[in-house]
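The values are calculated or read from the model by the stated rules, or taken from the named source; none is laboratory data. Predicted model, so just to flag it, every value in this text is computed and none were measured. Cβ atoms come from the backbone with ideal geometry, glycine included; neighbour counts cover every protein chain shown. The area values use the complete protein model at the heavy-atom level, side chains included, leaving out ligands, DNA and RNA. Shrake-Rupley method; radii C 1.70, N 1.55, O 1.52, S 1.80 Å.
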Amino acid sequence: MSDGPAGPRGTSFGPDSEPSLLFPNTSSLAATWDVDVAREAGELMGARAREMGLHVLLAPTVNLHRSPLGGRHFECFSEDPLLTAGMAASFVEGVQSAGVAVCVKHFVANDSETERMTFDARIDERALHEVYLRPFEAAVREAGAWSVMAAYNGVNGTTMTENTALLTGLLKREWGFDGVVISDWMAARSTEASALAGLDVVMPGPAGPWGDALVTAVEEG
């Protein structure tokens, strides 16, 4: 797995690392309003990811521009859910045409840098579905994304790595997602609750709340 939304970074760090191929940032890509350009960017990133030996590209970021102070907004497409959905779906198709999985992130409503790892987004059902979830739905149902990243934050009182209603009820059952749900790095903070909610992979491994603790929980029923 490797970041990122502006070009595959690779699996190593430091002066001996392979150079990254840097693309125009995602907001600039969305400003074209051109889904064909988004697909072409995805195809090129997918090809570069294969060259670097990557299996999963941790992109696209389909969270929304909700504040001018968002420090990671350059990774996101837009403040508009329909523009984001259209561009993201084409990007996903492009990357995966090279045989590299995308990981659509950060599911869902991880749109604030303030308390990014702990805040609870309180969103009514209509806004949640029509605004915040729309880009994820397009990436999954229209473009067939192979993986999705569960976010740090909570939504309506439940942290996303333990959010059964959204991970299993909506994503897996209603939308028919049959790929892999990956936690954001250090986002999973429980063993049983996260496993039962629909999380499939805890990152980073092998340390963390799963490992031996999850084996024991399974053995104990």
message = Using a Gaussian network model on the chain with a 10 Å cutoff between Cα atoms, which of LEU64, LEU22, LEU171 fluctuates the most?
response = LEU22
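Please report the relative contact order for the range 1-113, taking Cα pairs under 8 Å with a sequence separation of at least 6, and give it as a percent rounded to a whole number. All intermediate terms of the calculation are to be shown ahead of the outcome.
Details: 226 pairs, mean separation 37.3, N = 113.
Computed over the range 1-113, the figure is 33 percent.
Is it possible to state the helix-based mean residue ellipticity at 222 nm for the chain, with each DSSP H run of 4+ residues giving -39500 (n - 2.57), the sum divided by total residues, to the nearest 500 deg cm²/dmol? What is it?
On the way: 6 runs with 57 residues, N = 221.
Calculated at 222 nm, the ellipticity per residue is -7500 deg cm²/dmol.
What helices does the chain hold that run 15 Å or longer along their axis, going by alpha-carbon atoms, with a Kyte-Doolittle average of -0.5 or more, using DSSP H for the helix calls?
35-51, 81-96
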remark   = Non-local residues with an amide H under 5 Å from the amide H of CYS76, with H modelled 1.01 Å from N and Pro and chain starts lacking one, are SER27
key: Stokes-Einstein D (µm²/s) once Rh is taken as the Kirkwood radius of the chain over alpha-carbon pairs, at 4 °C in 1.567 mPa s   = 74 µm²/s
inquiry  = Given R₀ = 25 Å, what would the calculated FRET efficiency be for GLU142 paired with VAL215, taking r from the Cβ atoms and rounding to 0.05?
reply    = 0.10
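Can you give me the accessible area per residue for the range 1-114, using a 1.4 Å probe, in Å²? Present the calculation step by step, with values, prior to reporting the outcome.
On the way: 5090 Å² over 114 residues.
Per residue, the range 1-114 has 45 Å² of solvent-accessible surface.
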Whole-Hz couplings from phi, Karplus 6.51/-1.76/1.60, listed for the range 24-33; x for Gly and Pro = x, 5, 4, 5, 5, 4, 5, 5, 6, 6
request  = Could you list which residues have their amide H under 5 Å from that of VAL180, counting only those 5 or more apart in sequence or on another chain, with H placed in the peptide plane?
outcome  = SER147, VAL148
inquiry  = So for each of 160-167, 201-208 I average, over its residues, the number of other beta carbons within 10 Å; can you give me the resulting order with the highest mean first?
reply    = 160-167, 201-208
inquiry  = What figure, in Å² to the nearest 10, do you get for the accessible area of GLU220 with a 1.4 Å probe and non-protein molecules left out?
reply    = 150 Å²
query = Which percent of the accessible area of the range 126-201 is formed by carbon and sulfur heavy atoms (probe 1.4 angstrom)?
reply = 48 percent
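Could you give the length gained by full extension between ALA207 and SER67, i.e. 0.36 nm per residue of separation minus their alpha carbon distance, to one decimal place?
On the way: separation 140, 0.36 × 140 = 50.40 nm, distance 3.45 nm.
Gain on stretching ALA207 to SER67: 47.0 nm.
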message = Between ASP184, ASP34, ASP120, where does the largest GNM mean-square fluctuation fall for the chain, given springs only between Cα atoms within less than 10 Å?
response = ASP34
remark   = Residue span TRP185 to GLU113: 0.36 nm per residue of separation minus Cα-Cα distance leaves a gain in nm of 24.4 nm
ask   = In whole Å, what is the distance between the alpha-carbon centres of the range 141-217 and the range 3-49?
value = 26 Å
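Restricting attention to the range 1-108, which chymotrypsin sites (Phe, Trp or Tyr not before Pro) occupy a DSSP loop and are surrounded by at most 15 other Cβ atoms within 10 Å?
Details: sites: PHE13, TRP33, PHE74, PHE77, PHE91, PHE107; in loops: PHE13, TRP33, PHE77.
Those satisfying the criteria are PHE13, TRP33.
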